[in-house]
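Here's the structure, in structure tokens; my notes come after.
The values are calculated or read from the model by the stated rules, or taken from the named source; none is laboratory data. Because the structure is a prediction, the values reported are computed rather than measured. In this analysis, Cβ positions are derived from the backbone assuming ideal geometry, glycine residues included, and neighbour counts consider all displayed protein chains.
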Amino acid sequence: MEIKQISVFVENKVGNLAEVAKVMSDAGISLHAISLADTKNFGVLRMLVDDTYNAANALRDKGFIFALTPVIAVATTDEPGSLCEILNIFDEADINLEYLYDVNTGKKDSVYLIFKVENIEVATDILKKKGVKLLTQEDFKA
Amino acid sequence: MGNYFQPEIETASQEQIRAWQDERLIKQVKHVYDNVAMYRERMDELGIKPEDIKGVEDLHKLPFTTKDDLRDQYPYGLLAKPLGDCVRIQSTSGTTGRRVVAFYTQHDIDLWEECCARAIVAAGGTNEDVVHVCYGYGLFTGGPGLNGGSHKLGSLTLPMSSGNTERQIQFMTDLGSTILCCTPSYAAYLAESIIERGVKDKIKLKAGIFGAEAWTEEMRHDIEDKLGIKAYDIYGLTEISGPGVSFECEEQTGMHVNEDHFIAEVINPKTGEVLPDGEKGELVFTSITKEAFPLLRYRTRDICILSHEKCSCGRTHVKMTKPLGRSDDMLIVKGVNVFPSQIETVLLNKGYAANYQIIVTRVNNSDNLEVQVEMTPEMFSDSVGEIEKKEKELVGALKGMLGIYADVKLVAPKSITRSEGKAVRVIDKRNLYQN
């Protein structure tokens, strides 16, 4: 149960990030999660949006370079130890984590965590077995 | 053996060519001495009279002509015919200071167009072809030259001029263009656009004649693969006539100089000494049939090598290599000579687009070389580490080629200006002549 994240290439230049935001805004896309990985020369902007298909079309039309990346989204409680629990599951199953970021759900005591892992099928299976709540693309609509 | 536009000239014996050159040079020197004050004064200073020039063996006695001379004599100083005999001017793009204008009589135009027709035939052209000319028209010689050559041959000529890629592709598919004439960078851009639009199977191109800017063998292969054509180089300069001073045959191992009109020499750019075949130096031309704007020993600043070796195409005229650089586009970075073509070679070998920009800066008295390359979907990855790995590989390959470190900067697609004319490859921000 993977969901599609949009990863966009952003040149390290004033205004480039704003350009991506404008394309999303003009296409009426709502951003649920956003994270920027940056290096000296460029950045990769990672987003979860309400309408991935239209967001991708809008980016393509404007000539952006992007990829749809499968990630795992997990719903967990906003309390000490909850991240630790999930990381331990990955650790025990020897699953290599590439990066993670969190999403503010707007609900008290609840948080969404986004994980990029090496072997997404294996990771998904194990999380399910352990009773962790996995989110689908549907959860990010509207 | 291939086809020729003027077989009796293009396959003449080297002795015959030399005889034409001797006769025409003697006549030309007299013509410029009698009609161009600058040449008369220079020859007088050197103590040379027209009758001292008895043939090509005396060519080295004559003074050189430089681009500065052309600028100084602007506009009419080098004109060797009454204005009433002239029918056309063409001009260079002139980025620094004054432009260079060249004049033509109808006879000059006819000979120039014949040279271009030879080039089109050498690329496989006949009167059955549809010749698509998207060099710029107007003052630039590219459009008018190939246009005229195509007329001389009797081919259907599409005078497209540059720009408006949408319309170029539409005419190309609707009218079945078979020979494309433009700059190599525009050919590469057109190829990309044709593939993007998914219309490659609708084009009927078989050959391309590309010139007016430096391009590498790798770029040639790239264009040939993408368009499914054979790509021929053509060389020329407004000062001498325009495109068609020399052109490639099917052997693609150099360009035959139209020696019945232009005498080519290669010199040591520092000493002016004439170098033998096979040695690299600056290319110098003397136009021996031009009436309105004849130049003696014009220094092109192009670095190349001449060869009189027998060519399998049957043409006997001397071959010049593709310019191996220009004495004025060579960069010296950290004391090392850098040619933009070297950087292009690395990029194409590594699978990047030929669209790049070189930016040279000097910070704290130390040179910095930056190569901007456009990101492509193939190169992109969600993983920063993957992209950085590719960046590092490119830096390593550039170091291997140039011998110095170049910073690679990946930029957004289409952010480097696509040229529909000449590409701006180098931005040198150093003020080298201050302090």
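Below is a table of values for the structure above.
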| read-out | value |
| --- | --- |
| Subset of region A:1-20 [over 25 Å from B:V373 (Cβ atoms) and more than 12 Å from chain B (Cβ to nearest Cβ)] | A:M1, A:E2, A:I3 |
| Qualifying residues in region B:1-29 (those that are in contact with a Gly (Cβ under 8 Å, 6 or more places away or on another chain) and among the aliphatic types (A, V, I, L, M)) - the one farthest from B:H308 (Cα to Cα) | B:I26 |
| Flag if A:V23 is in a helix (DSSP H, G or I) and either modelled with pLDDT under 95 or within 14 Å of chain B (Cβ to nearest Cβ) (or both) | yes |
| Condition met for B:L237 (hydrophobic (A, V, I, L, M, F, W, C) and at pLDDT 95 or above) | no |
| B:C313, sole failed condition from (1) of a type in the set (A, V, I, L, M, F, W, C); (2) part of a loop (DSSP other than H, G, I, E, B); (3) touching a Phe, Trp or Tyr at 6+ places or on another chain (Cβ under 7 Å) | (3) |
| Residue match in region B:153-174 (condition: touching a Lys or Arg at 6+ places or on another chain (Cβ under 6 Å) and of a type in the set (A, V, I, L, M)) | no |
| Qualifying positions in region B:164-187 - outside any helix (DSSP H, G or I) and under 20 Å from B:A212 (Cα atoms) | B:N164, B:I179, B:L180, B:C181, B:C182, B:T183 |
| Residue within region A:64-73 that is within 16 Å of the chain's Cα centre (by Cα), under 21 Å from A:V8 (Cβ atoms) and without any contact (Cβ under 8 Å) to a residue 12 or more places away in the chain present | no |
| Subset of region B:294-308 [over 15 Å from the mean Cα position of the chain (by Cα) and either assigned to a loop (DSSP other than H, G, I, E, B) or among the charged types (D, E, K, R) (or both)] | B:P294, B:L295, B:L296, B:R297, B:H308 |
| Test: residue in region B:280-293 that is farther than 20 Å from B:L62 by Cα and in a loop (DSSP other than H, G, I, E, B) | yes |
| Test for B:A188: is it closer than 26 Å to B:V426 by Cβ, crowded, with 16+ Cβ neighbours inside 10 Å and of a type in the set (A, V, I, L, M) | yes |
| Subset tally (residues that are in contact (Cβ under 8 Å) with a residue 60 or more places away in the chain and not in a loop (DSSP other than H, G, I, E, B)) for region B:376-420 | 1 |
| Qualifying positions in region A:10-44 - farther than 21 Å from A:V103 by Cα and within 18 Å of the chain's Cα centre (by Cα) | A:V10 |
| Qualifying positions in region B:375-394 - more than 8 Å from chain A (Cβ to nearest Cβ) and among the aliphatic types (A, V, I, L, M) | B:M379, B:L394 |
